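Visitor: Please read through the structure below; I'll follow up with questions.
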Amino acid sequence: MVLVDDFGREVTGVRISLTDRCNFDCVYCHNEGLGDTRGPMDASDEEMSADDVVRFLEVVEEYGVEKVKFTGGEPMLRADLEEIIRRTPDSMETSLTTNGTFLGDRAEDLVAAGLDRVNVSQDALDPEAFAQITKSGAYDKVTEGVKAAVDAGLTPVKLNMVVFTKTAGHVEEMVEYVAENPGLQLQLIQYMPELTGKPEWNIDIERVHRWLTDLADEVEVRDMHHRRRYYVGEGMVEIVDPVENPEFCANCHRVRVTHEGYLKGCLNRNDDLRPMGEMTREDIRETFEAVVENRVPYYGEYLVRDGDDGWTINEEYIGA
């Protein structure tokens with residue numbers, strides 16, 4: 001039985017944060033560089049164990065959940081990532097969002113464990129700019145990781161690039177790079193100043209749409225979110241633009257799980273967290289059903305336009 005929220009959105013996917021630790025300190029991230037980042041290690045006392053994660057997935061499989069994306073922080077700081085993927089129900093598509101620094105050594109093992117897809121964060125092809133954005137000197141490790149993922153068969157590997165003032169000048173080079181490498185795709189992700197508090201970093205994403213429209217050999221509009229895809233050369237570029245796209249949040253089909261084992265209906269909210277108790281199967285069922293029942297679209301419902309063309313929280317949800 002697939003659960004449906006009050007806005008008619010079926011929940012068919014879950015996004016699970018396995019850790020809040022990250023070996024990058026990206027300037028646009030609202031959860032920068034937390035915790036022990038020496039390398040992959042066992043789950044900490046604050047993180048869900050592999051058994052917790054698998055038990056959760058087995059329960060939500062009963063509700064028709066078909067896809068799971070493992071995220072962080074940096075999920076590859078979990079030494080048991082391969083075990084978790086291997087134990088994920090066979091009915092689910094498994095994907096991973098990573099900064100790529102550990103992919104070079106683990107891509108083949110991840111595929112053997114059952115990983116289907118991978119997204120790698122790469123905000124510039126220039127090592128100096130990359131270092132400035134990520135506060136990391138791991139550029140070579142990331143490019144090696146992307147190559148290893150392609151070689152391991154995780155194609156198409158999706159490169160995630162957040163588009164704001166510090167990366168806008170590198171978009172053209174990244175599009176050219178993807179156009180010349182058929183094993184890669186590019187996701188240009190709209191910067192959300194509401195999450196970072198730096199509106200001066202924002203750029204007009206419609207300018208990027210117009211530029212790609214002129215450049216592309218073909219343009220496609222996806223049913224999901226009405227997101228536009230641009231086919232350029234051998235590659236594909238997709239813009240993820242939730243802020244100005246009224247269909248985006250209205251077509252969200254995911255529930256989020258924090259590394260501590262809290263459920264929430266929206267990635268961008270932290271005022272709707274619900275604990276899963278001792279994470280028994282019944283605890284998970286009750287919490288999952290409650291979260292789906294109370295989830296609302298972020299842009300256009302939880303956030304609404306104010307009189308100055310900005311966003312403000314809908315008073316209906318303050319304190320709810």
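Visitor: Of (i) 17.3; (ii) 18.7; (iii) 15.8, which one was derived for mean projected area of the Cα convex hull in nm² from the structure shown?
Guide: Structure-derived value, by its label: (iii).
Visitor: Rounded to the nearest 500, what is the 222 nm mean residue ellipticity of the chain from helices alone, with -39500 (n - 2.57) per DSSP H run of 4+ residues and division by all residues? Could the numbers behind the result be given before it?
Guide: Values: 9 runs with 89 residues, N = 320.
Using -39500 (n - 2.57) per qualifying helix, the result is -8000 deg cm²/dmol.
Visitor: Which net charge results when you count Lys and Arg as +1 and Asp and Glu as -1 among the other residues whose beta-carbon is under 9 Å from that of Arg117?
Guide: Details: positive: Lys69, Lys158; negative: Glu93, Asp116.
Spelling it out: positives minus negatives among the neighbours equals 0.
Visitor: Sequence-distant or interchain residues sharing an amide H contact under 5 Å with Val162, placed H: which?
Guide: Ile189
Visitor: Please give every one of the lysines within straight-line cross-link reach of Lys67, meaning a C-alpha to C-alpha distance under 24 Å, and leave out same-chain neighbours fewer than 8 residues apart.
Guide: Partners found: Lys158, Lys264.
Visitor: Sticking with this one: If pairing requires two Cys Cβ atoms under 4.7 Å apart, which cysteines of the chain are left without a partner?
Guide: If one checks each Cβ against the other cysteines of the chain, Cys22, Cys249, Cys252, Cys266 turn up with nothing under 4.7 Å.
Visitor: Antiparallel versus total DSSP beta bridges in segment 13-317: what percent is that, nearest 5?
Guide: Numbers: 15 of 49 bridges.
Roughly 30 percent of the DSSP beta bridges within segment 13-317 come out antiparallel.
Visitor: Among the chymotrypsin sites (Phe, Trp or Tyr not before Pro) in segment 1-30, which ones are in a DSSP loop with at most 14 other Cβ atoms within 10 Å of the Cβ? Mind listing them?
Guide: Details: sites: Phe7, Phe24, Tyr28; in loops: Phe7, Phe24, Tyr28.
For chymotrypsin sites (Phe, Trp or Tyr not before Pro) across segment 1-30 that sit outside H, G, I, E and B with at most 14 neighbouring Cβ atoms in 10 Å, the list reads Phe7.
Visitor: Can you give the three extents of the C-alpha atoms in segment 104-262 along their principal axes, from longest to shortest, in whole Å?
Guide: 42, 39, 34
Visitor: List the trypsin sites (Lys or Arg not before Pro) in segment 140-248 that DSSP assigns to loop (not H, G, I, E or B) and whose Cβ has at most 15 other Cβ atoms within 10 Å. Which are they?
Guide: Working: sites: Lys141, Lys147, Lys158, Lys166, Arg207, Arg210, Arg222, Arg227, Arg228, Arg229; in loops: Lys166, Arg222, Arg227.
Filter output for segment 140-248: Arg222.
Visitor: Under 5 Å between amide hydrogens, which residues at least 5 positions from Cys266 or on another chain qualify, with H placed 1.01 Å from N in the peptide plane?
Guide: Arg256
Taken together, the values in this text are just the output of simple stated rules run on the coordinates, not laboratory data. Computed from a predicted model, the values in this text were never measured in an experiment. Virtual Cβ from ideal backbone geometry, glycine too; neighbours counted across all protein chains shown.
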